[in-house]
Amino acid sequence: MEPRRLSTTTRLAGVVGLAFLLAFAVLGGFAYFAVSSLLYQDAREVIHADAEGLTDLYRHGGRPALRVEVEQRVTAPDDPDALYAVIERATGRRVAGNLDAPPRGNHARWIRRQGTDDPALPQLLYQRPLDHDLLLITGLRLRSESGFLAMSLRAATMATLLAVALGLLLGGLIARWVSHRLRRLEETVARVGEGALASRVPLDGSGDAFELLALRFNRMLDRIEILLSGVREATDHIAHDLRTPLTRLRSRLEHLRADVRVPRATLESAIAEVDQLLQSSSALLRLARLEAQAPADTDPDIALEPLVRDAIELYEPIAAERRIALVQSLEPVRSRGDADQLFQMLINLLDNAIKYSPADSEIRVSLRCDADGAHLEIADRGGGIPAGERERVFDRFHRLERHRGSPGSGLGLSLVRAIVHRHRGQIRLEDHRPGLRVCVLLPPAG
């Protein structure tokens, strides 16, 4: 089975929601980067100012003054997150300060590392040499930045959930609006496909792209209806015009039967050909009327089992002449429709089955009902129809190559399909191995 594809409206809702979430993520990321950079820059300025002040003190008071100042800042700090260290460059010993495990190196640089006393708090340090003897390190525990990061993560989690909900809601509303605008077009297409060619998409006067699409679709339907009406009228006129001269021609051929000078075999062949033309003309008229009718939604409920039994009884003598058995398995089934049209469908299918079945074979006719509707199956043991021809045989005047010499007009299955479609049913042809199985599904009564 092919994987089920998402509908266009579902994909549209997903795209809108994803775009909303992506825009929120980009905006949130930019805000986080901007605020974090400001906090980091402020920390650098504070640390650098501390370093400059201590450097000036060292220049004027020397090592004792620097040591006393650093110890005072550590003992009574203005900022508990401030970090200091005065290191002897030669030995690496800490002379003063509160910085554990000072970094190694003797040149000026900025250092960012995880805290040794509190790994959750990163440290930002500034290292600079005071002279060939001492190294000064000033720094801060980045408590504000860490707090901002934690708060940002919590806020981002909540905001992401809210953004997802809002994105899905917004996408769903847009998809629902688009689906609502397209539903009228879809319903009209369905009605036209069922034969209601006069259906049109209702217009709401909004003037948007959907309105323009509906307007052009209605114009297309107008043009199609005009063309089909012209074809139907031409077919009706041709069938009517042919019927009268063909009837007169047949009457004259009947009068010629009394003339012994005319060969009887030639006369019988001419009469048979005229009869076939008359049958084709009548079938064309019936087909045109069927295709012009509305679907059978207002027809009464009828019992299908008696119709099938009557059709089988009608064709039993013809089948018996060819030693063909008609095996039936019928259940009481009801459906909505026109009894005469459904009976015409049955005799057309039985006529085809008997015509193309070999002698000493059987034709199985079954009728059953389930939740889907009424199932009618007629299966023979004839030559069957190739898979590539099973749709084309429903076209007007289409006949298989091996059957072109046999009697018939090529309109029987066209009539059958027109009747099935008018009753909102389905018809398909299957391989019976050997033979052909015709499956007709009609909607249940009511």
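The values are calculated or read from the model by the stated rules, or taken from the named source; none is laboratory data. In this text, all values refer to a predicted model and were calculated from it rather than measured experimentally. Glycine gets a Cβ as well: all are built from the backbone with ideal geometry, and neighbour counts include every protein chain shown. Side chains are part of the model used for accessible areas, which takes the heavy atoms of the whole protein and leaves out ligands, DNA and RNA. Shrake-Rupley method; radii C 1.70, N 1.55, O 1.52, S 1.80 Å.
Points to keep in mind about this one:
- Solvent-accessible surface of segment 317-364, taken per residue with a 1.4 Å probe and all protein chains present: 50 Å².
- Pairwise centroid distance, computed over Cα atoms, of segment 167-209 with segment 99-128, Å: 66
- Note on segment 312-353: with charges restricted to the Cβ of Lys and Arg (+1) and Asp and Glu (-1), its dipole about the Cα centre is near 140 debye.
- Residue-count net charge about Ala34 - beta-carbon cut-off 15 Å; Lys, Arg +1, Asp, Glu -1: -2
- Taking all protein chains together and rolling a 1.4 Å probe, Cys369 ends up with roughly 70 Å² accessible.
- The H on the amide N of Ala374, modeled in the peptide plane, is under 5 Å from the matching H of Leu442, each at least 5 residues off or on a different chain.
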